[in-house]
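First the structure, in the form of structure tokens, and then the observations on it.
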There are 2 protein chains.
Amino acid sequence: MPRRVDQKQWIRRQAAVLWAAKGYHATGVQELCDVTGLGKGALYYHIETKQKLLYEISLANLETTIAEAQLIVASDSDATTRLRRLCQHLIRNIAECRPEWTVFAQEINTLRGHYRTEVMDQRARYEQIWSRLIQEGADNAEFREVDRVTVMGILGMHNWTYLWVRPDGSMSADEIANRFCDLILRGLGAEQLEAGAAAEASVGSNDG
Amino acid sequence: MPRRVDQKQWIRRQAAVLWAAKGYHATGVQELCDVTGLGKGALYYHIETKQKLLYEISLANLETTIAEAQLIVASDSDATTRLRRLCQHLIRNIAECRPEWTVFAQEINTLRGHYRTEVMDQRARYEQIWSRLIQEGADNAEFREVDRVTVMGILGMHNWTYLWVRPDGSMSADEIANRFCDLILRGLGAEQLEAGAAAEASVGSNDG
């Protein structure tokens, strides 16, 4: 087991893998002790409660995704290129952190009280990043004007991939994102759809 | 409680509502007795096992959806109109059967053995209906050629709405579907996007 600062992060990953496979409620704390090699006392020292661990898995995942997405949208490329990078980033993230996304998607109704509120707030913040970029593209006349439901549809298209995307799948995360983008960008009325744009965007997701 | 043939269907609905709100594993059989007003003996007479009830909720929902979708695609309208109807049908269905779709989406990994295989097979059958219609549209030169990943993205866009669509929401299921279709049909390169097509398609989903 890793030591010090990353130990909590490591426990979160073990719990996410376990819960993604078997479900939060179906899994006892003893199983979490077994996969982490920790006794109950040591485990509770780190996680405090099972519910808090569930909250932290979703929150940490969303916070990282949001921070990286903010770097992508802050770059000075056109909206079309940044949207393609945002799509690639999300699909890569879901493929690489599939247990965390599975727990987020399947246990979202399990969270209660302020844990639920905070996770929903972060989800809304992430949606806003997409909304603003798409609105920016409309303001620049790169895209047609669309409403929130369309943005939610675009995001849902990505989110649902947690059920089938794999980091080692026959099609890479970037290829999947590019297929999605070909549909979305055409759907938004973007004209810059030549292969060059896709190739340029796939070089890196965070560089300006 | 309803009698005779629809009693099993009614139990499925009560279980779906309960599990959608609280999760399959978090809910004991006693809670199912409470909401149905049945004793354990009578309940087990109808459901056999909890796992079988979960399987039947997802299976019945998918089978109805598939049967209705087959009527839509069998009509003699163009692929653009039929795709719009298929989108409307799915969003309406998710809005009206939200508990069943929630259970399907969130408990899909809970199903085991042949129950899981059969539900996954039905899910694949439903995806094929969409794939074939989109391919037909490409063969007719209504749409551009797309691959399976694009079809999975289009379906995922719809499926994810189980988290937010409501039968009495501020935007109707048909309006949501039309927004999605505006993106998808443009994304597929369909040219027939005038308001008339949307209005015509929204009159009814099953008429040819």
Subset tally (residues that are touching a Ser or Thr at 6+ places or on another chain (Cβ under 7 Å) and either on the phi > 0 side of the Ramachandran plot or without any contact (Cβ under 8 Å) to a residue 12 or more places away in the chain (or both)) for the range A:15-52: 1
Within the bounds of the range B:52-60, is there any residue that is at pLDDT 90 or above, within 14 Å of another protein chain (Cβ to nearest Cβ), assigned to a helix (DSSP H, G or I) and open to solvent by less than 40 Å² (accessible area, probe 1.4 Å)? yes
Within the range B:102-120, which residues are within 14 Å of another protein chain (Cβ to nearest Cβ) and open to solvent by 40 Å² or more (accessible area, probe 1.4 Å)? B:Asn109, B:Arg112, B:Arg116, B:Met120
Of all residues in the range B:156-173, which are more than 10 Å from every other protein chain (Cβ to nearest Cβ), at pLDDT below 95 and part of a helix (DSSP H, G or I)? none
Inspect all residues belonging to the range A:174-184 and state whether any of them is in a loop (DSSP other than H, G, I, E, B), free of Cβ contacts under 8 Å to residues at least 40 places away in the same chain, in contact with a helix residue (DSSP H, G or I) (Cβ under 7 Å, 6 or more places away or on another chain) and open to solvent by 10 Å² or more (accessible area, probe 1.4 Å). no
Where a residue in the range B:127-150 is closer than 11 Å to B:Val73 by Cβ and within 13 Å of chain A (Cβ to nearest Cβ) and its partner, wherever it lies, is of a type in the set (Lys, Arg) and open to solvent by 20 Å² or more (accessible area, probe 1.4 Å), with Cβ under 6 Å and at least six apart: none
Within the range A:82-101, tally of residues that are polar (S, T, N, Q) and either open to solvent by 10 Å² or more (accessible area, probe 1.4 Å) or within 10 Å of the chain's Cα centre (by Cα) (or both): 1
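Going through A:Arg123, A:Arg132 one at a time, which residue ends up being under 23 Å from A:Ala67 (Cα atoms), surrounded by 16 or more Cβ atoms within 10 Å (Cβ to Cβ) and of a type in the set (D, E, K, R)? Can you show your working first?
Numbers: A:Arg132 fails: surrounded by 16 or more Cβ atoms within 10 Å (Cβ to Cβ).
From the options A:Arg123, A:Arg132, the qualifying one is A:Arg123.
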When you scan the range B:100-114, do you find a residue that is in a helix (DSSP H, G or I) and among the basic types (Lys, Arg), even just one? no
Return a yes/no flag: does the range B:182-204 have any residue that is modelled with pLDDT of 95 or more, within 8 Å of another protein chain (Cβ to nearest Cβ) and under 21 Å from B:Trp101 (Cα atoms). no
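The values are calculated or read from the model by the stated rules, or taken from the named source; none is laboratory data. Only a predicted model underlies this, so the values are computations on that prediction, with no experimental measurement involved. Neighbour counts are summed over all protein chains in view; Cβ atoms, including those assigned to glycine, are modelled from backbone coordinates with ideal geometry. Side chains are part of the model used for accessible areas, which takes the heavy atoms of the whole protein and leaves out ligands, DNA and RNA. Shrake-Rupley method; radii C 1.70, N 1.55, O 1.52, S 1.80 Å.
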